[in-house]
Structures are given as C-alpha cells and as structure tokens.
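Read through the structure below, which is laid out as structure tokens, and then see the notes.
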Amino acid sequence: MTPEPDPNAKVDPIEASVLHRRLKSITEEMGLTLLRTTRSPILNEARDFVTGLYDAKGQMLEQTEYIPVLAFALQPACEHIVQFFGDDIHEGDVILHNDVFSGGNQNNDVAVFRPVFRDGVLAAWAACKGHQADIGGAQSGGYNPEAREVWQEALRITPIKVHERGELRRDVWRMIFANIRYRIVEEDIKAQIGATRVGERGMHELFRRFDNPRFDACIAYLFAASERIVRRGITSIVDGVYRGESWAFYDGVNDGSRMKIKVAVTVVGDEISFDFTGSSPQTPGFVNAPHAATASALLLTFLMLINPDVPHNAGLLRAIRIVNPEGSFLNARFPAATTFGNSITGPISDAIFRAFAPALPKMVTAGWNRMMGFTVTGRDPRHDRPYVDILFLSLKGGSGGTWNADGYNHIGLINCAGGILAQDYEMFEIHDPHRLVRHEYAVDSAGAGRWRGGLGVETEFVIEGDGVTGIAFGDGIEEEARAFGLFGGQPGSINAVSIEYPDGSTIVPKAKAIVRGIPRGSVFRQSAGGGGGYGDPHERPQDLVLADVQDDLLSVDAARRDYGVVIDAASMKIDADATKLLRARSSSTELS
C-alpha cells in the first residue's frame, strides 16, 4: 500500500522520526552487508553502490547513496519493474535490472530488487545497485569508447526474475552469467541478493511494530516533511530564471568535438524547474547519458545547495521539475551507447553551479576536477586469472573552493564525492599485478583563491600483468576542462595520462581510447587535477599560503605569482615588505 498525505491523520512526530531513522539504518545495514560480502574492490573498497527501500509503487522510502551519482538510480527502475510485472510479483521473487532504456543509469550498474509482502500484499521493495567489474559487451571491464550502440557496450538486463517464489531459476541465471567474463561478478550479485534479504527482514520487523494505518500515516508525514524542507530551500532563492552553460569534450569519434550543456533554472515561489533544452544532440559515440543519469546529476548538485538534512524519500522530488528533451546527449534515444553518462555529471554540475552563482554565492562551489578515468584489464600471472581495475586510486582530483572553506584534497569526482574511496596501497598490489611507485599530492595543482581548490594527485605504477589493455574514458585533458574558478579564483590544474613502454617510448592516449597490447614493465602515470579557487587569491591569509609552501603543496614561485606572497626559499619565511608591495601593486593594476 502506497501512503498518500492525509491532512486528518494524527501522527506523532517523534514516532515518525523514529521510523525515519529505522528506515535509514536498514539501508545502512544493507550497505554493511555489501561491504563485508562482495569480492570486487569496486564495491568493497571503492563503495560504488546504493541501497534503498521503496514503497509498493516504487517510490523512495529511504536510501543510502554510497556515491552521490546513484541518488536517483533505483526509483525509476523500480517503478518500471512494478509496471512491467503488474500482478505477477510474488514473495520470494528476486529481479535483476540494468537497462538504461527502462530506468537504468549505467549498464555496469546492476540492480537487484526484492518485493516485500505484508499479509500477502505487496508492501515495499528492498533494492541495491552496484557497479560490476564486467557486464559483457565488446570490451572487458564495461567501458568501450569504440561503442556506437548499446549492444557493443553491455548485456542489457531488462527486468528479469532470477528467483521466482523463492526458487532459483537456474536457466536464467546461467544465461546471464554466460555472457559476463568474470566469475567475480556472479559472486557480487549473490552478495547484492543477500543485501536485499537484509532489507526484507528489516521491513518485516518494522511491520510488526507498526500496523498498516500507523505505518502509512508516518510515511505520508515523512514524504510531506521532505517536501516542506525542499520547498523552504527553494523559497530562499529569489524568483527568476538563472542560466548556466558548460561543455563536455570529445565524443570519442570526432576529434575536437564539443558538447554543450545548457540549463535554465526557473524559480517561482516554492517550486523549481531545470530545463536542458538547447543542449547538444546525442553523439555517435558513448558520450551520452540516459535520463536517469542526468536526473541523478541534477539532484546531487541541487541537494548541495539546500538543507543537507532533507530525508531521502520521494517527497523531495515533488517541488522539482525536469525538462530534458529526448535526443539530446543528456537523454539519448535508443539504441545509443551511453556508458559515459555517469561521467557527464561533472559538466552538468558545472552548468548548475554557474547558473546559481549570482543567486547563491555562498552555497555554490568553484569547479571540481573533471573525470579522467583509465581502466586496466589483463591477466594476473601470479594466479593465472583475469583482473580489472578502474583505478579509483589515480583519478581522484580536488573539489572546488567555496565560501569560507578550501576545496577537499583528492576527494574525487563530484558524482562520487564522499563515497568513492581511494584504494588501499597494499590491497591495490594484492588485487592487481601492479607495483605502486608513487602516489602523492600534486604541487601547485589547486586553483588559487581566497579559498583555494582541493589538491589533485600524481600516481605512478609499473604494470606487471600479461595481455594488458587500457581504456581511457574522460574529458579532463582539454585546457578548457580545467576546474573553473569563481569570483576571481583561478582554475585548477589539468589532467594527464601517459604510459611509458619498456623500450623508452611513451604513449599519451586520447581522452576516449583503447590502448591494446601494453607490455609488461610499462610505467603508468596519471595526474588528477585540482579544484578551482574561490575569491581573489590576494585576499588569502599569508600564513595559509606559507603553510602550503612549507608542506610542499605550493611552490615558492606559485605563492608569489598567484597569491602575491613573497617567501624566502632558504628560510621559509615571508618577506612582509616585499609581499605588501607586490599585493599593493597588483591591486593597483587591477583597478586601472
């Protein structure tokens, strides 16, 4: 039964709050299950998954996004499953789904749904979604810059039952995993199924404590509370139309191609709309997004600008309208390739922050480092088995500075911030036939500002696998793709990837490319850029500039050039007179 707001229902706010916290804790217990039982480091180290609970119609009751881009990754798929199966949903069913053309956000992100029954009636869903190490298609690892249609990317899993009424459908299970390269994926899906079982048990415990009327009334109350919080946040924005633009670079087919993201944000009272009309048409390559990925990117960015304590349920969507015309590269038509869709979150967020900068200058951030991913696949000679690594270790750059706070160092992409963790060094070498040589903050990578951007990192390791292929997927190597500065802040450093072969030759791959036949002994190097700065760098306190220089995060030359702070390299002390003169001269130049 799906709750609807009832103005006459008597709800104890404390009881509703207790229910909210219990729903949240169930989703967190599901997450702990995945962290303890999955085998792929993508899931148990990087935490690239989401867990959630949904009502009988598929509406979000509560969820925990271990990475932000999955904020809206389950509800559209759950709603589609409810519509597709209709009355053919039974206790003990387990349903898989990844299809981007029926509510999915990325083919590699495979969801598991389990219906939860109460007194024989469908009452809720327990679900989780995780990024899989492989999902079939033409290229192992799931990222295929050469894809021109969805079938070249992945096995499409439209809603399909792998358990029916509690019994494993062995034929269906075998068919799915016969089309996926790595056995580890099968084990991780089993772990996800187990997580939904934890969610089901948690819901049954709640049902024993709350009868139907009390449960439904509390849920309606929580939906309404989320709606009120969001509407209150919207009313803090002056009515008007706010416009922002940004670009994604290189579609993987046409050199020099650029895709525009154009957003018009309209605020009227306590309602808001985001209109992407005018954005570039879908590309012939895989630089496209399904609607669910774009909606997630929008929501995670908007939630950064309002009260962060809003409960994550369907109520938060009621005051938000999204216009995203089909045929745009932000809402590609079937059968487009779309694997890069999650990674378009960065430029989408850039456009939204630029739009809101005049209205919410103390809430927006400067630009975050753009995605420059590099997946490595091959065979581990130590164990004679295949391996794959998305190299979360090396792609995590810095976030943008914001009012009264520097950006976070090495936090990663905005679509993964706070969720995707860098790999443990020892586990990195255990999982992969790679020998880590260097992983450290990159000097001068942070965009200068009153509040500087977060620092990027430099990574170097030796590849000691066999039959190794590298897959580049990013748009952060173009000069224009640097994380932008705001209100006088400067941009962050640029991304870079190179591979030095044993013969001394070096290859610098394009932002979207497959590099085949990487020989053993090759050295991989990646620089993940820093975030953009916020505010005039000459207003940054001199002691903070000096501290960065002393910590080898900022060079003496950059301190002078960007911040107007003169530091003696030998004594590591500020030359107060020279600094005062330099900053005064710079201010005079700006005024003139």
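Kindly indicate whether residue 253 is open to solvent by 10 Å² or more (accessible area, probe 1.4 Å) and in contact (Cβ under 8 Å) with a residue 24 or more places away in the chain.
On the way: open to solvent by 10 Å² or more (accessible area, probe 1.4 Å): yes; in contact (Cβ under 8 Å) with a residue 24 or more places away in the chain: yes.
Against the criterion (open to solvent by 10 Å² or more (accessible area, probe 1.4 Å) and in contact (Cβ under 8 Å) with a residue 24 or more places away in the chain), residue 253 qualifies.
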- Note on the structure: Within the stretch 269-288, restricting to residues that are in contact (Cβ under 8 Å) with a residue 60 or more places away in the chain and buried (at least 18 other Cβ atoms within 10 Å of the Cβ), the one that is nearest to residue 64 (Cα to Cα) is 274
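Within the stretch 287-298, is even one residue part of a strand (DSSP E or B), within 21 Å of the chain's Cα centre (by Cα) and at pLDDT 95 or above? Walk me through how you get there before you give the answer.
Our first condition is that a residue be part of a strand (DSSP E or B); within the stretch 287-298, this holds for none.
The answer is no, given that none of the residues of the stretch 287-298 is part of a strand (DSSP E or B), within 21 Å of the chain's Cα centre (by Cα) and at pLDDT 95 or above.
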- Item | Output for the stretch 54-102, where each listed residue is under 26 Å from residue 348 (Cα atoms) and open to solvent by 20 Å² or more (accessible area, probe 1.4 Å) | 59, 65, 66, 68, 72, 76, 79, 80, 101
- Just for the stretch 340-356: of the residues that are modelled with pLDDT under 95 and open to solvent by 10 Å² or more (accessible area, probe 1.4 Å), which one is farthest from residue 70 (Cα to Cα)? 346
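Only one of 366, 337, 359 is of a type in the set (A, V, I, L, M), farther than 20 Å from residue 447 by Cβ and open to solvent by less than 10 Å² (accessible area, probe 1.4 Å); which? Talk me through it step by step, then tell me what you get.
Numbers: 366 fails: farther than 20 Å from residue 447 by Cβ; 359 fails: open to solvent by less than 10 Å² (accessible area, probe 1.4 Å).
It is 337.
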- Residue that is in contact with a Gly (Cβ under 8 Å, 6 or more places away or on another chain) and either of a type in the set (D, E, K, R) or crowded, with 18+ Cβ neighbours inside 10 Å (or both), where the choices are 518, 477: 518
- Note on the structure: Conditions (1) at pLDDT 95 or above; (2) open to solvent by less than 20 Å² (accessible area, probe 1.4 Å); (3) closer than 30 Å to residue 565 by Cα; (4) small (Gly, Ala, Ser) -> residue 493 fails only (2)
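What strands (runs of 3 or more DSSP E) completely inside the stretch 483-581 contain at least 1 residues that are free of Cβ contacts under 8 Å to residues at least 40 places away in the same chain? Please lay out each step first, then the result.
On the way: elements: 496-500, 512-518, 523-528.
Ranges flagged: 496-500.
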- Restricting the stretch 379-394 to residues that are touching a Lys or Arg at 6+ places or on another chain (Cβ under 9 Å) and not hydroxyl-bearing (Ser, Thr, Tyr), the one surrounded by the most Cβ atoms within 10 Å (Cβ to Cβ) turns out to be 388
- residue 50 fails exactly one of (1) open to solvent by 10 Å² or more (accessible area, probe 1.4 Å); (2) among the β-branched types (Val, Ile, Thr); (3) modelled with pLDDT of 90 or more; (4) not in a helix (DSSP H, G or I), namely (1)
- out of contact with any Asp or Glu (no Cβ under 8 Å at 6 or more places or on another chain), of a type outside the set (Ser, Thr, Tyr) and open to solvent by 10 Å² or more (accessible area, probe 1.4 Å): does that describe residue 187? yes
- Query: of a type in the set (Ser, Thr, Tyr) and at pLDDT 95 or above - does that describe any residue in the stretch 172-182?
  - Reply: no
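Which one of 534, 563 is under 27 Å from residue 346 (Cβ atoms), at pLDDT 95 or above, surrounded by 19 or more Cβ atoms within 10 Å (Cβ to Cβ) and over 28 Å from the mean Cα position of the chain (by Cα)? It would help to see each step written out before you state the result.
Working: 534 fails: over 28 Å from the mean Cα position of the chain (by Cα).
Every option except 563 fails the conditions.
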- Item | Count of residues meeting criterion [within 30 Å of residue 46 (Cα to Cα) and open to solvent by 70 Å² or more (accessible area, probe 1.4 Å)] in the stretch 190-223 | 3
- Item | Hits in the stretch 29-74 - residues which are of a type in the set (Phe, Trp, Tyr) and in contact with a Leu (Cβ under 8 Å, 6 or more places away or on another chain) | 49, 54, 72
- Meets criteria (farther than 27 Å from residue 469 by Cα, at pLDDT below 95 and open to solvent by 30 Å² or more (accessible area, probe 1.4 Å)) for residue 577: yes
- Taking only pairs six or more apart or across chains, which ones have beta-carbon atoms under 9 Å, a first residue in the stretch 323-341 that is over 8 Å from residue 288 (Cα atoms), and a second residue that is of a type in the set (Lys, Arg)? 326/333; 327/333
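What do you reckon, is residue 404 open to solvent by 20 Å² or more (accessible area, probe 1.4 Å), modelled with pLDDT of 90 or more, under 28 Å from residue 349 (Cα atoms) and touching a Ser or Thr at 6+ places or on another chain (Cβ under 9 Å)?
Details: open to solvent by 20 Å² or more (accessible area, probe 1.4 Å): yes; modelled with pLDDT of 90 or more: yes; under 28 Å from residue 349 (Cα atoms): yes; touching a Ser or Thr at 6+ places or on another chain (Cβ under 9 Å): no.
No: the conditions fail for residue 404.
Criterion first (farther than 23 Å from residue 517 by Cβ and among the charged types (D, E, K, R)) does residue 480 satisfy it? Show your work before the answer.
Numbers: farther than 23 Å from residue 517 by Cβ: yes; among the charged types (D, E, K, R): yes.
Taking the combined requirement at face value, the residue satisfies it.
Looking only at residues in the stretch 425-452 that are among the hydrophobic types (A, V, I, L, M, F, W, C), outside any loop (DSSP other than H, G, I, E, B) and open to solvent by 60 Å² or more (accessible area, probe 1.4 Å), which one is nearest to residue 483 (Cα to Cα)? Talk me through it step by step, then tell me what you get.
Taking the stretch 425-452 and keeping what is among the hydrophobic types (A, V, I, L, M, F, W, C), we get 427-428, 430, 436-437, 442-443, 446, 448, 451.
From the residues that got through so far, the ones that are outside any loop (DSSP other than H, G, I, E, B) too are 427-428, 430, 436-437, 451.
Now drop any that are not open to solvent by 60 Å² or more (accessible area, probe 1.4 Å), which leaves 427, 430, 437.
Numbers: 427: 30, 430: 33, 437: 27 Å.
Residue satisfying both the conditions and the ranking: 437.
The values are calculated or read from the model by the stated rules, or taken from the named source; none is laboratory data. Here the structure is a predicted model, which is why all the values come from computation and not from measurement. Virtual Cβ from ideal backbone geometry, glycine too; neighbours counted across all protein chains shown. Accessible surface areas use protein heavy atoms only, side chains included; no ligands, DNA or RNA. Shrake-Rupley method; radii C 1.70, N 1.55, O 1.52, S 1.80 Å.
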